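Right, one structure below, let's go through it.
The values are calculated or read from the model by the stated rules, or taken from the named source; none is laboratory data. It should be emphasised that the depicted structure is a prediction, and the values quoted were computed from it without experimental measurement. Here the Cβ positions follow ideal geometry from the backbone for every residue, glycine too, while neighbour counts run over all protein chains shown.
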Ligand code: PGA
């Protein structure tokens with residue numbers, strides 16, 4: 001396993017041709033990517049196979065931005081995790097706050113998606129985080145503990161499985177105003193999350209199978225603040241990952 005992981009979430013920010021153009025630029029610039037950094041690109045569903053083909057002979061990995069909780073059936077508009085794995089995905093973002101807010105995704109749905117990801121050998125990148133109001137009334141830890149327990153409770157993590165927990169405070173995502181969680185806070189939150197995971201799985205399972213990352217307005221100037229922290233395995237990057245030069249500088253600064 002590489003030292004740090006950087007996951008690019010392109011959301012619906014890049015259309016098909018733009019995704020291909022940015023991917024080609026990343027392939028051109030990839031000699032600048034340090035050897036110890038694992039890079040995962042999560043393009044839109046429509047762009048997935050094209051982007052996967054461009055990265056085929058590189059070490060760059062592909063992830064989906066979501067998966068469904070069943071493998072096949074009468075589920076209009078959904079995408080099977082089996083197809084995503086076959087297309088070359090090795091990761092899947094699950095429970096992103098934009099899906100929780102815009103589509104009403106619940107912890108129950110996210111729980112089922114995580115199970116399905118593990119069944120299909122996709123590494124789930126499970127997003128958790130509080131909103132501004134919850135934070136203002138001191139409920140941050142409560143929200144994180146509840147989300148973790150509801151999403152992971154009853155799910156076994158076995159030898160060979162890999163899981164990523166992404167702390168993504170909702171107020172820091174796509175802020176566009178340079179609003180992000182301070183490293184001291186991310187460090188504290190990593191300890192809270194670790195404690196819940198110890199209760200669920202035990203410390204040795206965390207060492208072998210669970211990584212913790214931060215996401216929310218990470219850019220080339222702030223990335224180092226997080227990657228320097230002891231228990232932080234990497235970052236989830238939205239906006240700053242859609243511009244190739246900026247993204248490569250961000251990776252170099254990791
Ligand atoms: P952002 O997005 O970097 O644009 O804040 C992060 C995310 O939503 O994963």
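Would you confirm whether any residue within the range 166-177 is surrounded by 14 or more Cβ atoms within 10 Å (Cβ to Cβ), away from the ligand (no atom under 11 Å from the Cβ) and closer than 20 Å to residue 60 by Cα?
Within the range 166-177, none of the residues are surrounded by 14 or more Cβ atoms within 10 Å (Cβ to Cβ), away from the ligand (no atom under 11 Å from the Cβ) and closer than 20 Å to residue 60 by Cα.
Is at least one residue of the range 152-162 crowded, with 22+ Cβ neighbours inside 10 Å and at pLDDT below 95?
From the range 152-162, those crowded, with 22+ Cβ neighbours inside 10 Å are 152; that's our starting set.
From what is left, the residues that are at pLDDT below 95 are none.
Within the range 152-162, not a single residue is crowded, with 22+ Cβ neighbours inside 10 Å and at pLDDT below 95.
Give me a count of the residues in the range 129-139 that are buried (at least 21 other Cβ atoms within 10 Å of the Cβ) and away from the ligand (no atom under 12 Å from the Cβ). So that I can check it myself, show each step before the final result.
So in the range 129-139, the residues buried (at least 21 other Cβ atoms within 10 Å of the Cβ) come out as 129-130.
Among the residues that remain, those that are also away from the ligand (no atom under 12 Å from the Cβ) are: 130.
Qualifying residue count, the range 129-139: 1.
Going by the conditions given, is residue 38 closer than 27 Å to residue 175 by Cβ, at pLDDT 95 or above, surrounded by fewer than 22 Cβ atoms within 10 Å (Cβ to Cβ) and in contact with a strand residue (DSSP E or B) (Cβ under 8 Å, 6 or more places away or on another chain)?
On the way: closer than 27 Å to residue 175 by Cβ: yes; at pLDDT 95 or above: yes; surrounded by fewer than 22 Cβ atoms within 10 Å (Cβ to Cβ): yes; in contact with a strand residue (DSSP E or B) (Cβ under 8 Å, 6 or more places away or on another chain): yes.
For residue 38, the condition - closer than 27 Å to residue 175 by Cβ, at pLDDT 95 or above, surrounded by fewer than 22 Cβ atoms within 10 Å (Cβ to Cβ) and in contact with a strand residue (DSSP E or B) (Cβ under 8 Å, 6 or more places away or on another chain) - is met.
Name, by its number, the condition in (1) more than 15 Å from the ligand (Cβ to nearest atom); (2) buried (at least 22 other Cβ atoms within 10 Å of the Cβ); (3) over 20 Å from residue 107 (Cβ atoms) that does not hold for residue 211.
(2) is the only condition that residue 211 fails.
Among 22, 37, which is the only one that is within 28 Å of residue 225 (Cβ to Cβ), touching a residue at least 24 places away in the same chain (Cβ under 8 Å), in contact with a helix residue (DSSP H, G or I) (Cβ under 8 Å, 6 or more places away or on another chain) and within 16 Å of the ligand (Cβ to nearest atom)? Before the answer, list the steps.
Values: 37 fails: within 16 Å of the ligand (Cβ to nearest atom).
None of the others qualify; the one that does is 22.
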